[in-house]
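Please read the structure below before turning to the comments.
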Amino acid sequence: MKKIQLFLIAGFLLVLASCAKPSEKAAGTYNGTATVNSTNYAGTCTVTANGDNMVNMTMTANSVTYSVNGVSASLSNDVVTFSYTSSSTTSGDIVAVSGNVTGNTITLAITIMLSNPTTYPVSFSGTK
């Protein structure tokens, strides 16, 4: 009887775990490397939940902090995928984000507006 109870409890916990919201699954602080203009910098990226399928991101590298709110997050199997585009022309704004979280690892491609219409890419990879 105890084996059946343990099996049912384990099954229930697996169902609960699979119901995780993408934003909650991705949330956390990731330490890693940001690549800016072909130069690598130690950096951090903090992802905070902003609703079921939305996150806010803050990335710091080379003594500069970039923030973006309202990044879409979707969940497929165990991978959270990010997507964001903006038509901002303000220097220093993030205008695009794509990437994913697999397990405790994040990879991002970020596009930052330098001066309209010039943008530059930044990549980030790290772990929780």
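Any residue at all in the range 102-124 that's surrounded by 13 or more Cβ atoms within 10 Å (Cβ to Cβ), over 15 Å from the mean Cα position of the chain (by Cα) and among the β-branched types (V, I, T)?
Yes.
Can you confirm whether L75 is touching a Phe, Trp or Tyr at 6+ places or on another chain (Cβ under 6 Å) and either in contact (Cβ under 8 Å) with a residue 40 or more places away in the chain or among the aliphatic types (A, V, I, L, M) (or both)?
In short, no.
Just need a number here: residues in the range 56-87 that are surrounded by fewer than 14 Cβ atoms within 10 Å (Cβ to Cβ) and hydroxyl-bearing (S, T, Y).
So the count comes out to 8.
When the residues of the range 19-47 are narrowed to those that are touching a residue at least 24 places away in the same chain (Cβ under 8 Å) and either touching a Pro at 6+ places or on another chain (Cβ under 6 Å) or among the hydroxyl-bearing types (S, T, Y) (or both), which ends up nearest to S88 (Cα to Cα)?
T35
Identify the single condition in (1) farther than 18 Å from Y66 by Cβ; (2) modelled with pLDDT of 95 or more that T44 does not satisfy, given that it satisfies every other one.
Exception for T44: condition (1).
Spot the failing condition for N53; the list is (1) surrounded by 13 or more Cβ atoms within 10 Å (Cβ to Cβ); (2) in contact with a helix residue (DSSP H, G or I) (Cβ under 7 Å, 6 or more places away or on another chain); (3) at pLDDT below 85, and only one is missed.
With (1) surrounded by 13 or more Cβ atoms within 10 Å (Cβ to Cβ); (2) in contact with a helix residue (DSSP H, G or I) (Cβ under 7 Å, 6 or more places away or on another chain); (3) at pLDDT below 85 applied to N53, the lone miss is (3).
Among the residues of the range 29-36, is there at least one that is of a type outside the set (D, E, K, R), within 25 Å of S115 (Cα to Cα) and exposed (fewer than 13 other Cβ atoms within 10 Å of the Cβ)?
No.
I need the full set of residues from the range 88-99 which are surrounded by fewer than 18 Cβ atoms within 10 Å (Cβ to Cβ) and modelled with pLDDT of 95 or more, in order please.
Scanning the range 88-99 gives A96, S98.
In the range 88-101, what residues are closer than 30 Å to N77 by Cα, more than 11 Å from the chain's Cα centre (by Cα) and β-branched (V, I, T)?
Hits for the range 88-101 are I94, V95.
Within the range 65-81, which residues are hydroxyl-bearing (S, T, Y) and over 13 Å from T48 (Cα atoms)?
Passing the criteria: T65, Y66, S74, S76, T81.
Can you work out which of the residues in the range 69-78 that are among the hydrophobic types (A, V, I, L, M, F, W, C) and within 11 Å of the chain's Cα centre (by Cα) is farthest from T44 (Cα to Cα)?
Looking at residues that are among the hydrophobic types (A, V, I, L, M, F, W, C) and within 11 Å of the chain's Cα centre (by Cα), I get A73.
The values are calculated or read from the model by the stated rules, or taken from the named source; none is laboratory data. Treat the numbers as computed from the prediction; the structure is a model and nothing was measured. Reconstructed Cβ throughout: ideal geometry from the backbone, glycine too, with neighbour counts over all protein chains shown.
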